[in-house]
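Everything below concerns the one structure shown next.
Every read-out reported here was derived from the displayed coordinates using simple, explicitly stated rules and does not represent laboratory data. No experiment lies behind these values; they were computed from the predicted model shown. Heads up, the Cβs are rebuilt from the backbone with ideal geometry, glycines too, and the neighbour counts pull from every protein chain shown.
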Amino acid sequence: MDAFYYTFLSLRGIQAGKEYYVSMCPLKLIPRIFLYNEAELNPELRAQRTLNRARIPDIASYMVENTKSYTFSALTASIDGDITFEPLENQGINRNVGHLKIPMGAQFLINDGQHRRAAIEEALTKRPDLGDETISVVFFIDTGLKRSQQMFADLNKHAVRPTKSLGILYDYRDPMSELARMLTIAVPVFNGLTEMEKTTISNRSTKLFTLSTIYQATQALLRKKKAADISDDEKQKAIDFWIEVTKMIPDWQHAKERKVDTASLRRDYIHAHGLALHAIGIVGSDLLELHPNDDWKNRLTKLLFIDWSRANAPLWEGRALIGGRVSKAYNNLVLTVNVLKKILELPLSKEEDRIETLWGKGYSL
């Protein structure tokens, strides 16, 4: 096979004193040249993590469902073989532009992008017409397992996933993300008090809510799965509900009017934490279902009489609080929901009743 070559028009670069090459590769060629067969090897003998096949369908669906707007970053691969780079010119601007010739018998190792590679293969079974599109590939020369393992570590060492809030802010495909952004404008208290980028709020921040919590709470309110369509009526329902809720928690309005600082609210009150907003969204879902029209608004007024103070340990400790600190754990969320449901005279679900019973008997949850 070394008598036959893959030839790529490439750019040549230098990193750490070593040559590397950037090429455009047709998608239909990706599954053929990048073979993944390291799964049976022990980790110390591999240069990659094992493939998580549960991730592949989602990535492939993203590609197939967004053929006019999908975006893939470059694959990074090492070549174990005698490659040849033939520049277009020996000097001048084109000396680093040329043809990269790789023997067909060479071995390729993906240092970064194995899940994209597998998703491309699956997507092509559904949309073969995508095969003529291209993805950029950064080729390095393979100098052995140790170097490849170090490349994997280096490529992933400083990789940081964007925060949930930032992902929601920039996601224009997910209808719930669009609604969450809309709520930060349409609900007066959310407007100006929402942290749009971070998922947590620092002690010195002037914000009271996070975009990710508004998303999560509204998703619970409307009982929607990610990427599910949202009707105009549902959007208006969410806006109306959250506007009404903000009327029932005067401290939020005081924060909006700068009559109280948000740091003090977070220090002293449960309602200044995402746990409370999420719990209200869950409760609101049942409230709107069981008491439609305007009857839900009348019941919601009972929120005015809740003592949200952390100092109200008999009510909140073991539910929203663990040792005086707000807990976002699932059981604590449910136990907080149960408090609100009892106050609003709403029935508990079987799961909520189960957790309430266990908590009442003193079991550790």
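How big is the dipole moment of the chain about its Cα centre under a simple scheme where the beta carbon of each Lys and Arg is +1, that of each Asp and Glu is -1, and everything else is neutral? Debye, nearest 20, please.
Here the chain has a charge dipole of around 940 debye.
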Next item on the list: Starting from segment 317-348, pick out the trypsin sites (Lys or Arg not before Pro) whose DSSP state is loop and whose Cβ has at most 14 other Cβ atoms within 10 Å.
Entry: LYS328
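Could you line up SER148, SER73, SER212 from fewest to most neighbouring Cβ atoms inside 10 Å?
Arranged by neighbour count, lowest to highest, SER148, SER73, SER212 become SER73, SER148, SER212.
Can you tell me the alpha carbon radius of gyration of segment 5-157 divided by the globular rule-of-thumb value 2.2 N^0.38 Å?
1.07
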Check: Is the shape of segment 100-241 rounded, prolate or oblate, going by the alpha carbon gyration tensor and its root eigenvalues a ≥ b ≥ c, with a/c under 1.5 for rounded and a/b larger than b/c for prolate?
Finding: oblate
Check: Please identify the trypsin sites (Lys or Arg not before Pro) of segment 229-304 that satisfy two criteria: DSSP loop assignment and at most 11 other Cβ atoms within 10 Å. Which are they?
Finding: ARG258, LYS259
Checklist line | Cβ-derived FRET efficiency at R0 25 Å, ARG147 paired with ASN94, nearest 0.05 | finding: 0.25
Notebook entry, point to check: Pick the calculated log10 I(q)/I(0) by the Debye sum over Cα atoms at q = 0.08, 0.11 Å⁻¹ for this structure from (i) -0.60, -0.87; (ii) -0.55, -0.84; (iii) -0.40, -0.76?
Noted result: (i)
Note to self: Among LEU346, LEU124, TRP308, whose Cα projects farthest towards the positive end of the dipole of the chain, with charges put on the beta-carbon of Lys, Arg (+1) and Asp, Glu (-1)?
What the structure shows: TRP308
Note to self: Can you give me the angle between helix 350-360 and the longest principal axis of the chain, using Cα atoms only, in degrees from 0 to 90, rounded to the nearest 10?
What the structure shows: 70 degrees
Checklist line | Partners for LYS341 among lysines (Cα-Cα distance below 21 Å; same-chain residues under 8 apart left out) | finding: LYS224, LYS237, LYS247, LYS297, LYS302, LYS328, LYS350, LYS361
Note to self: Where in the chain is the longest stretch that carries no chymotrypsin sites (Phe, Trp or Tyr not before Pro) classed as loop by DSSP and with at most 11 other Cβ atoms within 10 Å?
What the structure shows: 173-362
Notebook entry, point to check: Which order results if ILE214, ILE14 are arranged by neighbouring Cβ count within 10 Å, fewest first?
Noted result: ILE14, ILE214
Notebook entry, point to check: Looking at the square roots a ≥ b ≥ c of the eigenvalues of the Cα gyration tensor of segment 164-360, which shape do they give, rounded for a/c under 1.5, prolate if a/b is larger than b/c, or oblate?
Noted result: rounded
